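Here's the structure, in structure tokens; my notes come after.
The values are calculated or read from the model by the stated rules, or taken from the named source; none is laboratory data. As the structure is a prediction and not an experimental result, all values here were calculated from the model. Positions of Cβ are backbone-derived with ideal geometry, glycine not excepted, and every protein chain shown enters the neighbour counts.
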Amino acid sequence: MSKYLSLLKTLFVNTYRPSKKLSKGQIALIALAVVCLLPTLGLVCYSIYNYALIAKAGGIAREFLATILTLGGASVLLLAIPSVLGYMFFSKDAELLSMLPVPKSTLFLAKLTMVYLAELILSALAMIPTLITYGVGVGAGVWYYVLVLPMVLFTPVFPLLIATVLAYPLMWVVAFFKRHSSLTTILYILGVALIFTVILLIESAMVGSEGEFGISMGLLSMMMGLYEVCIFNKLFAVAMLGAGLEILLNFLLGTLIIVAMVVISTLVCSAFFHSGMSYNMEGYSQSSTRTAKIVSTDKMNSLIIKDVKQLIRDPGFAFQSLAGLVLAPLLILIMSGGMRESIVYTQLEMAKEGIIFSDAMVGLFTLSVLSLYAIMFCGINYAASGAFTREGQTFYISKYLPVSASLIMRAKLRFSDIVSIISALLTAVCVALTGVASPISCVLLFLQLVMLSLALNGMGIRRDLKRPKLEWANVNEAFKNNYYMAVPMFISMLIGFLAPVLAIVFFSILGDELLVEICYWAISFVVSAILLTIFRSNVTKDVDKMMESVE
Amino acid sequence: MLTISNLTKKYANSTVNAVDGISLELKSGEIFGFLGPNGAGKSTTIKCIVGILSVTDGDISICGESMRTSPLLAKKHIGYVPDQHTVYDKLTGIEYINFMADMYDVSVSEREARLPYLADKFNMTDALNRPIKTYSHGMKQKISVICALMHDPDLWILDEPLTGLDPQASFELKSMMREHADKGKTVFFSSHVLEVVEKVCDRVAIIDHGKIIAVVDVKELSSEGNTLESYFLDLTGEKSTSSEV
């Protein structure tokens, strides 16, 4: 136990000890993050409150609460898989930990606890407002609110254990394809994308079907199914909304199941933990018989090739930087199905009250909501906003190369722009495939996404060069809690929310469909063009001085 | 003290053995040098001995404890100075030392007895409360050495320990290696600096292409009028030259 605590303390201090006190800029960034999250949170709480009223009236308040707990867990699972892989297996402290006279189970638990603590923050942000809103909606008693805190603590546990178990087959894939590191990266991204897809499909099936606040039969049967399967969430839901001894008994039983799962998983997974870390440590085969080929290219291309190869041969970083290529189109494909049904349902309901929305209007509104998600992905291109951070200590090589800083910056920008353009193209193609928008709208969406991505890439790369985080032991330390890298993401969230707002405003004040579409796209392109001009016109200005100042 | 029996290590998907059936027996009270050209298998062997890498075949035993069957007991006998520095660089020097001492069950009284001596030897006393990331390359190396010695290990393993050390620290390290061996313990270290190996070591093993190609007594070698450098180049240089051609 003392070794576990000592190890945990060391890992915690090394991960969370700030290098300096928070600057005013960082505090402002945190405030901006909160502002950006508020609209999303508001929407979620509004929906939850309405669902709570329906659930209470329908006598399924416990079932719905268990569903919220399960969905919270599923969301944590989405975020946990890359963290588990990055922090537990692709970490630079693997060698140091392997040589210590410490049981594997202790190492495993300490590492798992660190991932748990990181996910706990997200769990708290999502679950506290959701559960409190639901409690208000169903008129829950005092014990409900007392048990909110344990629920927040328990939510990440089960998904983390699942993520850890899923990490092992992914690690075996990495080991199997060790000689083909680029292929490993592709398989890694596809593997995680597959898991994302399954979870998103389940979530989409649960919330998409019957429109506004009606609960469809599909959702109801899914809810009942989960209620019986996720036994611990059922027990917690009964405890939270129960009375008397029922509260204590169900809570204790649920806690017991969670503890038992942790113990069993620790025993099973820790047995393979060292071999999991070894996959990363053992490096690459040295038995290649290929003749080394001498090739020559110009400096720009050489810098880009170096950047691409470095990135794709490191699955952890590659996932963080290139996942948008796969995940953005996937998200659009999955969400569009449920969303279209939901909007058509609303269209029919409104028609009953004499308010007619044409198909073109419905199409534009659906597109604007999908744009919200697509634009958000424009801001999380870590290929740009983590371009210098991911180099770590090798960044200093750039400082002594006889190459201008602006050339290095332009090479990195070109690579991240290529990633963004491919992502935008795939997203637009997916929108076209779903049939929610006309081909012209899809082309316009593609152009808008490219403009915004290029603008945010320019902003992200400059911010990263200003304050690169070069001292890290793993991908989590490099990218997580890196406020500067998060700025483009927050800005893209704000712009993303602008899309449906614009659509609604123009629907309200303009009658003509064509005029609505023209105004929507005109404003979208003006905003994109302004951002593009601001962030790209002087993107390499003073870049030599910026690079010099990094020490 | 250290017995390596038929150790073989093959990396995943590799067609050749990085270490190919080597056997060695290190005695108490000796300083044992481990030499070899780049890529010969030195670091792989050391990483197998300290438990970082699993072995494909054979066994390693430290003070009678097998690394395969009782790795935790075997690891407790080892103090390891890796070729790469500490990764927990947000910790201060003293925090890192305390962490390593916790891992090796070093009591507070033992820490109080050993740390002032070791910190003083390496002129690190004033730097212990500073974050490791502010240290120079050599200071990080010194912290690694201090951590490795906090539990007074029976087997002290050093991978390229002299890299980055200033002359004074280098001198102190060499004298500490001798002190450690004189206490009846064993020092095992790899280096490319043949003059140092020749001066410090009692015996030397040379590894090439994953196989031990010679184990020599340094004094005997010297009495025969040979230098370690010429002996090493005779054994490994000819092969390298022919393979380059």
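In segment B:61-92, the qualifying residues are those that are among the small types (Gly, Ala, Ser) and modelled with pLDDT of 90 or more, and the one that is surrounded by the fewest Cβ atoms within 10 Å (Cβ to Cβ) is B:64. Among the residues making up segment A:295-339, a single one is under 17 Å from residue A:428 (Cα atoms) and among the hydroxyl-bearing types (Ser, Thr, Tyr): A:336.
Please specify each residue of segment B:63-75 satisfying the condition of being at the interface with another protein chain (Cβ under 10 Å from one of its Cβ atoms) and touching a Leu at 6+ places or on another chain (Cβ under 8 Å). Once the filter is applied, which keeps residues that are at the interface with another protein chain (Cβ under 10 Å from one of its Cβ atoms) and touching a Leu at 6+ places or on another chain (Cβ under 8 Å), segment B:63-75 yields only B:75. Among the residues of segment A:35-48, none qualifies, meaning not one is surrounded by 16 or more Cβ atoms within 10 Å (Cβ to Cβ), in contact (Cβ under 8 Å) with a residue 24 or more places away in the chain, farther than 30 Å from residue A:499 by Cα and not aliphatic (A, V, I, L, M). Listed by position, the strands (runs of 3 or more DSSP E) contained in segment B:182-235 that have at least 3 residues being surrounded by 20 or more Cβ atoms within 10 Å (Cβ to Cβ) are B:186-190, B:203-208. For the condition of a type outside the set (A, V, I, L, M) and under 20 Å from residue A:448 (Cβ atoms), residue A:537 qualifies.
Which members of segment A:14-26 meet the condition of being surrounded by fewer than 16 Cβ atoms within 10 Å (Cβ to Cβ) and modelled with pLDDT of 75 or more? A:16, A:17 - these are the residues of segment A:14-26 that are surrounded by fewer than 16 Cβ atoms within 10 Å (Cβ to Cβ) and modelled with pLDDT of 75 or more.
Here B:60, B:52, B:78 are screened, and the one residue that is under 17 Å from the mean Cα position of the chain (by Cα), at negative phi and more than 8 Å from chain A (Cβ to nearest Cβ) is B:60.
If you go through segment A:390-428 and keep only what is in contact with an Asp or Glu (Cβ under 7 Å, 6 or more places away or on another chain) and within 25 Å of residue A:325 (Cβ to Cβ), you end up with A:411, A:412, A:415. The listed residues are A:10, A:70, and the only one of them that is in contact with a helix residue (DSSP H, G or I) (Cβ under 7 Å, 6 or more places away or on another chain) and at the interface with chain B (Cβ under 10 Å from one of its Cβ atoms) turns out to be A:10. Residues of segment B:1-30 that are under 21 Å from residue A:99 (Cβ atoms), more than 14 Å from chain A (Cβ to nearest Cβ) and assigned to a strand (DSSP E or B): B:2, B:3, B:4, B:5, B:7, B:8, B:22, B:24, B:26. Where helices (runs of 4 or more DSSP H) fall wholly inside segment A:433-538, the ranges with 1 or more residues that are closer than 30 Å to residue B:88 by Cα are A:439-466, A:475-479, A:483-509. Being over 20 Å from the mean Cα position of the chain (by Cα), at pLDDT below 80, assigned to a helix (DSSP H, G or I) and crowded, with 21+ Cβ neighbours inside 10 Å is a description that does not apply to residue A:377. Of the residues making up segment B:81-94, those that are facing chain A (nearest Cβ under 7 Å) and charged (D, E, K, R) are B:89, B:90.
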